[in-house]
Structure formats: C-alpha cells, structure tokens
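Student: Dumping the structure here so I can ask a few things about it.
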Amino acid sequence: MRALPVVAALVGLALLCPTAPYAQAQTTLKLAPAEPLAFARATSPRAFRLPEDHGPHFEFQTEWWYYTGQLATADERRFGFQLTFFRRGLSPGPPPVAGLATNQIYFAHFALTDVGAGRHASAERLSRGAAGLAGASGQPFRVFVEDWTAVATSPDGASVRVQARNGGLVLDLELRATKALVAHGDRGLSPKSDAPGNASHYVGYTRMSARGRVGTDGTGTPVTGEAWFDHEWSTSALGPLALGWDWFSLQLGEGRELMLFEIRRADGSWEGASGGTLVAQDGRTRRLRSADFEITVLERWRSPHTRADYPARWRLRVPSEGLELDVQPLLSDQEMRTSFVYWEGAVSVIGTSRGRPLTGRGYVELTGYARSMQGVF
Amino acid sequence: MIPNGLLRAGLRDLVRRPLHTGLMLLGVALGVAVVVAIDLANSAARRGFARSSEAVLGRATHQVRGGSAGLPEEVYRRLRVDHGVRPSAPVVEGVVIARDLRQPLRVLGIDPLAEAPFRGHLGAGKLADPAFAAFVTDPSAVLVGAAFAERHGLAPGSSLRVQAGDRRETLRVLGLVESANPEVGRTLDALLLLDVGSAQRLLGMPGRISHVDLVLTDADVRSVARWLPPGARLVRASEQAEAVAELTAAFELNLVALSLLALVVGMFLVYNTVLFGVVQRRAVFGTLRTLGTTPGQLFRLILAETLLTAALGALVGVGLGYVLGQSAVRLVTRTINDLYYVVSVSGAPLTLATAVKGVATGLGAALLAALGPALEAARVEPVTALRPSTFETRARRLVPWLALAGLAVSLLGGAGLALATRSLLVSFAALFGVVLGIALVAPAFTVGLMSILRPAASRLLGPIGRLATGTVARAVSRTGVAAAALMVAVSVTIGVSVMIASFRSTVANWLELTLQADVYVSAPSPGGPRSGVSLSEDVRGLVAAVPGVAEVETVRLVLVPSPLGEVRLTVTGTHERSASRYRFRDADPREAWARVRDGAVIVSEPFAFRHGLPPHGAAVALQTDRGVAQFPVAGVYYDYSTEQGTVLMVREVYERYWDDRALSSVAAYVAPGHDPGAVTDAVRRAVGERALQVVENRALRRAALRVFDRTFAVTQALRVLAVVVAFIGVWSALLALQVERTRELGTLLALGLLPRQLWGLTLVETGLIGLAAGLLSLPTGLALALILIEVINVRSFGWTMQLELPPLVLVQALALSVVAALLAGVYPVLRLQRMSVAAALRQE
C-alpha cells in the first residue's frame, strides 16, 4: 500500500516552486462547481493478465509503479534506491491520442540513499501524459515520466530496465523477477477501509534481482542487489478518518518476504483494514489481517527540515509465524522533501523466526506525518 | 527681477482684458490638448501591447520559436526530455473573436504543470483538483480575468461564443482569475487562458505549438541553440516584443508630427494676443520707461504674463486632451488592430508623464511665441512710446527681412529634405521649416498683394476698396500674422487632403489590379497574419466544387522569422495570370514572374525600402523549416497591403521549405456566362457550415478602402482641429486689429460712414486677408502634399503614390480661408456697432 499525494503534488509543485510566493500572494481564482467524475472502483478480486496488467488502468483514477531495493558495489558500498511512477487520471478512460491534449498526469519520485556517505538525495518529475512527455503502456510494459523510465525487457514484463538521472544522481538497473507475481490482499483486492470500494488492486514482484549502475557522481558504479516492485491502482482508497500510513516491504534472508501496512487515524487508532502478505520461499502467499501482527515503535526521529515527527525503529511481531523482527533505518534522514513530504527509506532487519536468528533488508514508507493525507486523494 | 508693483499691474491687465487672455489661454489649451490626446492614445496602445506581451512572456528569458506554422511539439519534448532543459514550458498562442462582445481575444494555451516558473501570476498553477481536471480535460474550459468578466457579465460557468479561424466554438468559463496587483489584473484583459492541448484544438494547430518558453543562463544558451533542429531558433524573450512594438513606430511618429502642427497653429494665437497686449499698452510702457523701468524688466514682464496664462491654458489643455484622448485612443487602437496586431486598450488614463510633457510643450511653445512681442516691449523707448504708429512702422520695415528669412528657412528645410534621406525626424523638422518659412513670407505676400489689388479694388469698390487694401497693408503686424496663421492651417488641410486623396486613388487602382478574382473566401483575422488564423483544409475543395467556379487560387499569409526580423510572407499560386497582377518598379513582369516560379521571390516596395535592398541582385534570407535559406529577389512590386512590406513566393517553393499547408484565403474565378453574384451566393452556401467571409471582389475593394479611411480618421480629425485653432487665431487677430482701429473707425463714423459701409469695409478687409492666406496656401499646400507624398510617406512607409490633385480641394481651400476670415470679421464689427461714436472716439 503506497498511495501518494498525487493531487497535492500537482498543485503543490506550483506552490512550492521558488517563484510561486509571488503568485500565491497575488492571485485568487474563482471557479465553477465541478461535477464528480465517474471512475471505476476496486470492489472485487479480478484475474490478472500479463503483461497487460503491468500497464495502466485508465478506468481508475490513481495508479503507481513502485521500485525500491538495496544494492551494493563489489567493495560493499551500500545503496538504497526508490523510483516511483504515479499516474493520475483527470477523467476516466484512455487519453486522447492527438497533440498535447490529455486526461492523464504523471509524476515520479527518485531517491538514492548512499549508506556509506550517510546521504539521501531525492528528485521529482511532473508531466502531462501526452506527446511523449510521460505515459504508460502494458504491451509492451513501459512507464515513463520524461527521461525517467521503466521498460520491460522480457515479453511478460517480469524483467525491466529502470533508468533515472537528476544532476549527478544516476540509476540504471536491470531488474529480473525471481519469484512469481504476488497478488496482495484478497486475490489482489486490497481494502483500505471497511467501506466497500475503498480498496485497490495490488500486485507486484516481492523479489527481483538487480544489476546495473547507481551513483551520485553522474556516471555511477556497478552494483548488484535485490529490488521490490509494487503496482497498485484504485479510485478512492482512504477511509474518512485516515491520516496516513506506515508501510513495510521486507526481504528476509531465509527467502521469505513480508509486506505489512497500517492505516493511521487522526485519533491515534488504526484502521481495521490494515493488513499484509507473507510470501514463502516457493512463492505461496498468506494474507495477514490486522489481528495477525503487531507493530511497536521503539524510537522516533524529528525531521530538522520539516519538524515532522516520524517513528524511526520498530518491532514487528507475527505470532502465528513465530516472526519477531527489529527494523531499523539505514539512515535517519530519508525524508522525501518533494512536492509532498513523506519518509521513504532503506531499512535493515534483525530478528528471529521461530527462535532461529535471521536478517533481512527492506524499505519503509511513512506518510501523513508532515501533513494529513486526507483530502489528498 | 520684476518689481512687485509692475507684476501686479501686469496681472491686473490680464484680468482686465479677459477676451485676449482667454484667447491666449485657448491657443495654448488647444495645442496642448491635441498633443496630450495623441500622446495618450499612443502610450495607451503601447502599454496595452506591453501588457499583453508581458502576460505571454511571464518570466521567460528565452523562447524557442519556429516558422510560420509554429514548432512541432516534438521539439519541446526533445528539449525537455532528451536534453533536460528545465524550466521549459510549451505555449500555444493565437487570436479568436468573441462573437457576442465583437472583440478580438488573445488565446494563451499553457501547460499548468510546466507553468509555475513562468506565469505563476496568471493563476493556472493554483487550480484545485476538480477544476484542474476540468481545465486540462475539457477542451472548452477557459480562465478569464475577473475584471474582464465583470465588464462583460461573465461568471464561472458562463459560456463564451467565439470564432476561431473559420470555426464557431462555444467555450466555457471555468474560472475567473483575480489579482491583487492591478498590473497583473490588466495583463488578463481580453485574454483567454486555456490548457495547451485545448488551445491546439481551438486554434487548429494539431501537434504544433507556438513556442517554448525557457529560463536560461548565458552558459545554457549556446548548448540549447546547438540542439535545436534547423526549423527552430532560440531568441531572447524580449526580442519578439521589441520587434512587434517597432511595427507601429512610424505610425506613431506621424501622429505626433500632426499633433505638433496643431501646437504650431496654437503658437500663432499666443503670438497674436501677446503682441496685441504689448501694442495696446505701448503708452503705458513708455511712461514706465520714463519712470525708470528697464527694458529687461518689461521683457520679463511680458514673458511672466505669458507664462502665467500659458500655465493656466496648459492645465486646461491637459484636461481637454484627456477628453479628446478617449476618442483618439479608440481611433488609434482600431487602426493598430486593423493593421498591426491585436491590442486591448480599455482606456487612456492620464499619466503624470503625459501631463508633464503636455504642460512643458505648451509653456515652451507659448514662451517661444511670446519672445517676439516681449522683445518689442523691451524696445519701447520713453519718447517713441508716445507715438502710436512706431510699432507698425518698424513692423513694415521688418516685413521684407522676415520674407527673406522665411525664404532662407524654407530653402534650408528643402535642403534638409533633400539631404537627410533616411531620418524621418529630420524630414519632419525640415517639413516644419518649409511651412514656417512660407509663413514668414506671408506678411510680405499680403502687403504685395494689397498693392496689386489696390487699383482694382478702388475701381470696383471705390474709397472702401482703397481704404481696405491700405489698412491691410499698413497694419501688417496683425494682418500678416493672421494671414500666416490661416495660411498654415489651410495649407495643412490642402497638403493632407491631397496626400490622402493620392494615397486613396493609388490604393484603389492597386486593388483593382490585384483583386482580379471574382469571389474571395477568408476567415476574419484581427491583427493580420499575426493572429495565425487559417482556413480549414477542405475549404479549397468546397469552393472549387461550386458550379460556375472556373478556377480557384489560394493565398497563404504568414509571418516568418529572418535575420531582418519578422517578415510577412505571401504565398500564391503559380498561375500565369498572376504575372499581370503585380506591377513592378523596375523589372520586366514576365521575366520576374518566370524567376519567381523558379524559386525567387518578389518583395513589395515598403519591404525593399525598410531593409534597404539594392535594386539588383538582392536576396532575402528567411528562416524556413529546413533552416535559413536565401531567396533571390526577382523584383520590387507595388503593394499597399501593409507598411511592413511583404515578400511573395509561389506555393511550390513555399512547400519545399515549409511544412505549413494551411490556407489564409481562397479566391475563385467565375466561369464565363455565370453571374458572379449568383456564384458568390453558391459559394456562401457551400461553405455555410463555417464562419467564413465570402465576398465578391467589389465588396472586398470597398472593405479595403473602408479600412483605409479608418486608418486616416485620426489624420482627418487632427486636420479639422488645426483649422479650428487657425480660425480662432484669425478671429483674434482681426479683433485686435479692430480694437486698435476703434478710434479711426469712430472718426470715420463721425464723418458719415454708414453702418452698412462699416460692414463692407471690415468684411472687405478680412476677405482680403483670407484671400491672401488662401492664395499663398495653394502653393504651400501643394508643396506640403508633395513633401508628404514624396518624402515623409516614403521615409515612413516606402510607398510610391501617384499624385492626385482633386481641383475641388483647391477651390475648397480658397473658399475655406475667405469664409473663415469673413466669419472672423463678424464679431469685431458687431462689437464696434454697439459702441457709440463718442465712446469710440474716447478710446486711447
């Protein structure tokens, strides 16, 4: 579950732009009332067809393709990366084919954590889905925002090349799924609140091998590692009281993967729809309900930039599986200060599985700490 | 210094002679008013343009521009995606006509996602989610300025019917943009803000954009320029605006010159009244001199009095100018919209700069005019002051010298015209020199004319004739000035009328020659090709299929960039008939046309003039979609469609170099045996779906001449004003004359002159002055017309005109000056009649 503030970004980018305060102070806009848009809702499980379902689902309003992972150079320099593509439909249905007219907005976030140097850098791109500026397709699978791209290198879309560059920041990886596609939730239907329709279709590759180059010097260094891919689409996903969410994607050393998310309410309680997936070595999945796990925050970190107060270390328990995991960020400051502020960072895992020690790696996303996610989508 | 008592006496005098003070005030006020009105109109138009270009430019430092059909949007993608040039934003611009408001509106198509660094002030970046979706996805959604919306009763949700090219569209007002900053608010006037995709559709530019806006450092400039494909070029953002603003420079200068003419006539008025004040108070000044007042003090006194009155007059003039300016701005804006570009001017607010300029000009002119009389006052001797006729004696002695000086000034002006071949400013100065010089000759001419006429007048009218000619000649200090003022005004009338008549008949002939087809189909395009209006592709076929249409020709009018600046390019068919349609200045039509078909171009006369093309072997470099290409010039042809000048090539050549396939107009020839009117109606029915103008050539000619007449409306208005000022000048001069002669006339009345004879005497005198002015104004007016046609016009616009001399104009001019003079004589006589003989005799 990784919904991001698509709309806020659209408007926010304009407002956060360095020259915008002038505009903000000066201009007001009086608008005609808008009619509600008739997007499809995720209400029941569906069959997935590849590679088409890797592509965009224009009947839904919001969609994202999320690549995260941890990499290392030959001399054990460690990196974490995030490359995310977001699609926002402004009206249901595919975009017009001609000219710059469109009903699709795309944006993308790119971040690199240089663990050794203790640095986290991020960037953002925003473009209309027209004229080759940004877009997505399923056959062959491809999603791109300007010069940041993810392109299938195999017909089924299980292998992709992801590329992004911003200033000296470079990422160029060949990713290969080493496990079958996972359908999260109920056969891919992932509810976000108790209300029907507040759900998404959610699939992904929980383990992909990664090989390529990353770096901050403009050329990059050869790296290998493992990545995680999420693809999720929905129209309305947050319940009325939800504030944001904490989301975990962990790859455990023994060959299993654990995805957990909790949706946080303003009063501090959690949505009952919170849940997760445990993926076995052989790719079989077990759906976890909120009652199946518990998350304890052990430390907190206050961002010196935004004053947002984030949880910064956790203990995760899945008693039925005998899992007890300590999750710790590789770097405290992995805050994404893009047009919408959130925390997304590489973490390490130490713990036990039915008493046997294990380690692992992963990514954690924390939203709604700098500002409520409510009204964002 | 002027002693306090003297100054007070002077001021008292101003108050005691309200009529003359009022006249002086009026002279200054009218002159200043015309100057202010024109300045207001010009600067309002300039400001309107600056505002609209600001709105479009935003914070861009550079733009990537393409050819006539804009840029392929791929250029933007390559810049932004492949080369990472950010910030960058695509812009689609154009003009549509608001059908209900009957007003052209500028269309600005933007990408709100790429916009913020450029035009944050226009508010598109502030769209909230649902409105944002509508703005981008609804092709009819537009944002408009709040003030504009209020003026036209638009609200969020209202529909706005527009005509874009030949299509009628209904747009929906999605929202109103309101800015706390009034400057920003004004940039939004008559502006439609659309999503760039919607603008492409509205303006019929699929896959193309007008330009890409960039914010570049100097270092970036070179690398960006390197990446551009051949059809695109990188320009400084301000360059475009400067080029467009230059278009109207000559037009504005002409208006300014005409307004200064009004000021000159106003100066005569000031001169007259000040001189009158001096002459009347000669005795007082003589006494003052004997009491110890120095000549310098008297000199300064006259200047101080003038300054005071002129200051008051200038203030009144600024107010009057403001009122006149509101009409002038409409006339000027309409002309600019007709001929140059679309500019929205909502009014002509009085700026401090204009007011100061007006007052300073008025004061300067008044002081200059008062210089002579002030010197006269300073020259008053204690003894001679007691002799009333001193001044006239000296004036009469001065007349020949004045005439000589006038001739010299005229010759100097003529030399200036001949030598300064390119500077328009020098040309105008020289023109003023010529007119002023002839004005200085006017007194001598008047005196001379009187001695010629005296025998005839005596024979015809008896003593009254003799008396009248004698008086006019003797009182030359005022009759000469009156004649000069009248002469200047009337000759301006002649000059301008002859110029306009010549221009008009030249244009009419040219239209006859050029518009040979029978039916013309085009889309309304305010501001000419700048608005980028084009016909839908199928129009040519629709017209050709109409029964009775023998042949169809197409014309494309575009603006293309070139090293010479923006160039108007006319693209026509290769048809053999075309050769006969263009008259060449110095080339054989058949030969030139053959070269045009081989890839050469022909250029219009103003174009050749503007860019100083050599008569032979010239070439024009144009930015094509394949890069810059050189086109040899096969000839210079006469064309009056635009003062910017135009380059003409045939379609085959155009299509080799440009991707643009759109049409601006379609012309159809009617087959023999068919009625053009009926075919026109059939064409109209055939294209009925579209909002096209379908006109027969006669109607088109009429329409063209209407635009011509509209262009000269300001000129005509100024001419009338000059005459009004001159009339008041003559009137005041005659009044002064009569007042001065009150005693003399009183004596005559006492000796038995009948009131009827008094009328006769006065009217003969004024008629003679009018006659002198009228006679002198004929050659002067013709000279003026020649200078306007052969020099000013050529140097402003580069047009050749055939001099057309409507005899009626000359007769009218003569009649005008005599009637004006006669009318001016009526009030003085009435005034005299009301006075008893005794009172008249008591004068002095």
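The values are calculated or read from the model by the stated rules, or taken from the named source; none is laboratory data. All values derive from a computational prediction rather than experimental measurement. Methodologically, a virtual Cβ is constructed for each residue, glycine included, from the backbone with ideal geometry; neighbour enumeration extends over all protein chains shown.
Student: Looking at (1) within 11 Å of another protein chain (Cβ to nearest Cβ); (2) of a type in the set (D, E, K, R); (3) touching a Gly at 6+ places or on another chain (Cβ under 9 Å), which one does residue A:114 not meet, given that it meets all the others?
Tutor: All conditions are met except number (1).
Student: In addition: List pairs: first in segment B:139-162 and facing another protein chain (nearest Cβ under 9 Å) and touching a residue at least 24 places away in the same chain (Cβ under 8 Å), second crowded, with 18+ Cβ neighbours inside 10 Å and hydroxyl-bearing (Ser, Thr, Tyr), Cβ under 7 Å, 6+ apart or cross-chain?
Tutor: Correct list of pairs: B:139/B:198; B:141/B:198.
Student: Another question, if that's okay. Is it the case, given these coordinates, that residue A:213 is assigned to a strand (DSSP E or B), touching a Gly at 6+ places or on another chain (Cβ under 6 Å) and surrounded by fewer than 18 Cβ atoms within 10 Å (Cβ to Cβ)? Break it down stepwise before answering.
Tutor: Details: assigned to a strand (DSSP E or B): yes; touching a Gly at 6+ places or on another chain (Cβ under 6 Å): yes; surrounded by fewer than 18 Cβ atoms within 10 Å (Cβ to Cβ): yes.
Yes, satisfied.
Student: Can you find even one residue in segment B:280-299 that is closer than 29 Å to residue B:191 by Cβ, modelled with pLDDT under 85, among the small types (Gly, Ala, Ser) and not in a helix (DSSP H, G or I)?
Tutor: Start the filter on segment B:280-299 by keeping residues that are closer than 29 Å to residue B:191 by Cβ, which leaves none.
Within segment B:280-299 (the criterion being closer than 29 Å to residue B:191 by Cβ, modelled with pLDDT under 85, among the small types (Gly, Ala, Ser) and not in a helix (DSSP H, G or I)), the answer is no, since none of the residues qualifies.
Student: Next up: Aliphatic (A, V, I, L, M) and at pLDDT 85 or above: does that describe residue A:258? Talk me through it step by step, then tell me what you get.
Tutor: Details: aliphatic (A, V, I, L, M): yes; at pLDDT 85 or above: yes.
So residue A:258 fits the description; yes.
Student: Just to be sure, is residue B:798 in contact with a strand residue (DSSP E or B) (Cβ under 9 Å, 6 or more places away or on another chain) and at pLDDT below 80?
Tutor: Details: in contact with a strand residue (DSSP E or B) (Cβ under 9 Å, 6 or more places away or on another chain): yes; at pLDDT below 80: yes.
Criteria met by residue B:798.
Student: Go through the residues of segment A:94-106 one by one and say whether even a single one is touching an Asp or Glu at 6+ places or on another chain (Cβ under 8 Å), of a type outside the set (Gly, Ala, Ser) and at pLDDT 95 or above.
Tutor: First, the residues of segment A:94-106 that are touching an Asp or Glu at 6+ places or on another chain (Cβ under 8 Å): A:99-101.
Subset that is of a type outside the set (Gly, Ala, Ser): A:100.
Those left that are additionally at pLDDT 95 or above: none.
No; the residues of segment A:94-106 include none that is touching an Asp or Glu at 6+ places or on another chain (Cβ under 8 Å), of a type outside the set (Gly, Ala, Ser) and at pLDDT 95 or above.
Student: When you check residue B:599 against the structure, is it surrounded by 16 or more Cβ atoms within 10 Å (Cβ to Cβ), on the phi > 0 side of the Ramachandran plot and touching a Pro at 6+ places or on another chain (Cβ under 9 Å), yes or no?
Tutor: Details: surrounded by 16 or more Cβ atoms within 10 Å (Cβ to Cβ): yes; on the phi > 0 side of the Ramachandran plot: yes; touching a Pro at 6+ places or on another chain (Cβ under 9 Å): yes.
It is true that residue B:599 is surrounded by 16 or more Cβ atoms within 10 Å (Cβ to Cβ), on the phi > 0 side of the Ramachandran plot and touching a Pro at 6+ places or on another chain (Cβ under 9 Å).
Student: Here is a follow-up. If we scan segment B:181-190, do we find a residue that is more than 7 Å from every other protein chain (Cβ to nearest Cβ), of a type in the set (A, V, I, L, M, F, W, C), out of contact with any Ser or Thr (no Cβ under 6 Å at 6 or more places or on another chain) and surrounded by 19 or more Cβ atoms within 10 Å (Cβ to Cβ)? Reasoning before the result, please.
Tutor: Taking segment B:181-190 as the starting set, the residues that turn out to be more than 7 Å from every other protein chain (Cβ to nearest Cβ) are B:182-183, B:185-190.
Add one more test, that the residue is of a type in the set (A, V, I, L, M, F, W, C), and what stays is B:188, B:190.
Within this subset, residues satisfying the condition of being out of contact with any Ser or Thr (no Cβ under 6 Å at 6 or more places or on another chain) are B:188.
Retained after the next criterion (residues that are surrounded by 19 or more Cβ atoms within 10 Å (Cβ to Cβ)): B:188.
Yes: segment B:181-190 contains one or more residues that are more than 7 Å from every other protein chain (Cβ to nearest Cβ), of a type in the set (A, V, I, L, M, F, W, C), out of contact with any Ser or Thr (no Cβ under 6 Å at 6 or more places or on another chain) and surrounded by 19 or more Cβ atoms within 10 Å (Cβ to Cβ).
This table checks each residue for (1) more than 17 Å from residue A:347 (Cα to Cα); (2) β-branched (Val, Ile, Thr); (3) in contact (Cβ under 8 Å) with a residue 24 or more places away in the chain.
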{"site": "A:246", "(1), (2), (3)": "no, no, yes"}
{"site": "A:258", "(1), (2), (3)": "no, no, yes"}
{"site": "A:261", "(1), (2), (3)": "no, no, yes"}
{"site": "A:266", "(1), (2), (3)": "yes, no, yes"}
{"site": "A:269", "(1), (2), (3)": "yes, no, no"}
{"site": "A:279", "(1), (2), (3)": "yes, yes, yes"}
{"site": "A:285", "(1), (2), (3)": "yes, yes, yes"}
{"site": "A:288", "(1), (2), (3)": "yes, no, yes"}
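Rundown of residues vs (1) small (Gly, Ala, Ser); (2) modelled with pLDDT under 80, yes/no style:
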{"residue": "B:660", "(1), (2)": "no, no"}
{"residue": "B:666", "(1), (2)": "no, no"}
{"residue": "B:672", "(1), (2)": "no, no"}
{"residue": "B:680", "(1), (2)": "no, no"}
{"residue": "B:683", "(1), (2)": "no, no"}
{"residue": "B:691", "(1), (2)": "yes, yes"}
{"residue": "B:694", "(1), (2)": "no, no"}
{"residue": "B:700", "(1), (2)": "no, yes"}
{"residue": "B:703", "(1), (2)": "yes, yes"}
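Yes or no, residue by residue, for (1) assigned to a strand (DSSP E or B); (2) modelled with pLDDT of 90 or more:
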site: A:174; (1), (2): yes, yes
site: A:179; (1), (2): no, yes
site: A:193; (1), (2): no, no
site: A:196; (1), (2): no, no
site: A:202; (1), (2): yes, yes
site: A:205; (1), (2): yes, yes
site: A:209; (1), (2): yes, yes
site: A:218; (1), (2): no, no
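Student: What are the residues in segment A:126-171 that are in a strand (DSSP E or B) and surrounded by fewer than 16 Cβ atoms within 10 Å (Cβ to Cβ), if any? Break it down into steps so the answer makes sense when it comes.
Tutor: Narrowing segment A:126-171 to residues in a strand (DSSP E or B): A:126-128, A:134-138, A:141-145, A:148-152, A:159-166, A:169-171.
Across segment A:126-171, the qualifying residue is only A:161.
Student: Could you name every one of the helices (runs of 4 or more DSSP H) located completely within segment B:568-664 that has at least 2 residues being of a type in the set (Ser, Thr, Tyr)? Step through it out loud before you land on a result.
Tutor: Values: elements: B:578-581, B:589-597, B:605-610, B:651-657.
Fully inside segment B:568-664 and qualifying: B:578-581, B:651-657.
Student: Right, here's the next one. Would you please name the residue that is farthest from residue A:233 (Cα to Cα), looking only at residues in segment A:37-73 that are among the small types (Gly, Ala, Ser) and in contact with a strand residue (DSSP E or B) (Cβ under 7 Å, 6 or more places away or on another chain)? Working first, answer last.
Tutor: At the first step, the residues of segment A:37-73 found to be among the small types (Gly, Ala, Ser) are A:38, A:40, A:42, A:44, A:47, A:55, A:69, A:72.
Checking the rest, the ones that are also in contact with a strand residue (DSSP E or B) (Cβ under 7 Å, 6 or more places away or on another chain) come to A:42, A:44, A:55, A:69, A:72.
Details: A:42: 8, A:44: 13, A:55: 10, A:69: 21, A:72: 31 Å.
Here the residue is A:72.
Student: If you don't mind, there's one more thing I want to ask. Take segment B:455-472 and flag every residue that is over 15 Å from residue B:744 (Cβ atoms), among the aliphatic types (A, V, I, L, M) and either in contact (Cβ under 8 Å) with a residue 60 or more places away in the chain or crowded, with 21+ Cβ neighbours inside 10 Å (or both).
Tutor: Going through segment B:455-472, the residues over 15 Å from residue B:744 (Cβ atoms) turn out to be B:455-462, B:465, B:469.
Those still in the list that are among the aliphatic types (A, V, I, L, M) too: B:456-457, B:460-461.
Listed by number, the residues that qualify are B:457, B:461.
Student: Do we find that residue A:368 is part of a strand (DSSP E or B), out of contact with any helix residue (DSSP H, G or I) (no Cβ under 9 Å at 6 or more places or on another chain) and either of a type outside the set (S, T, N, Q) or modelled with pLDDT of 90 or more (or both) in this structure?
Tutor: On the way: part of a strand (DSSP E or B): no; out of contact with any helix residue (DSSP H, G or I) (no Cβ under 9 Å at 6 or more places or on another chain): yes; either of a type outside the set (S, T, N, Q) or modelled with pLDDT of 90 or more (or both): yes.
The answer is no for residue A:368.
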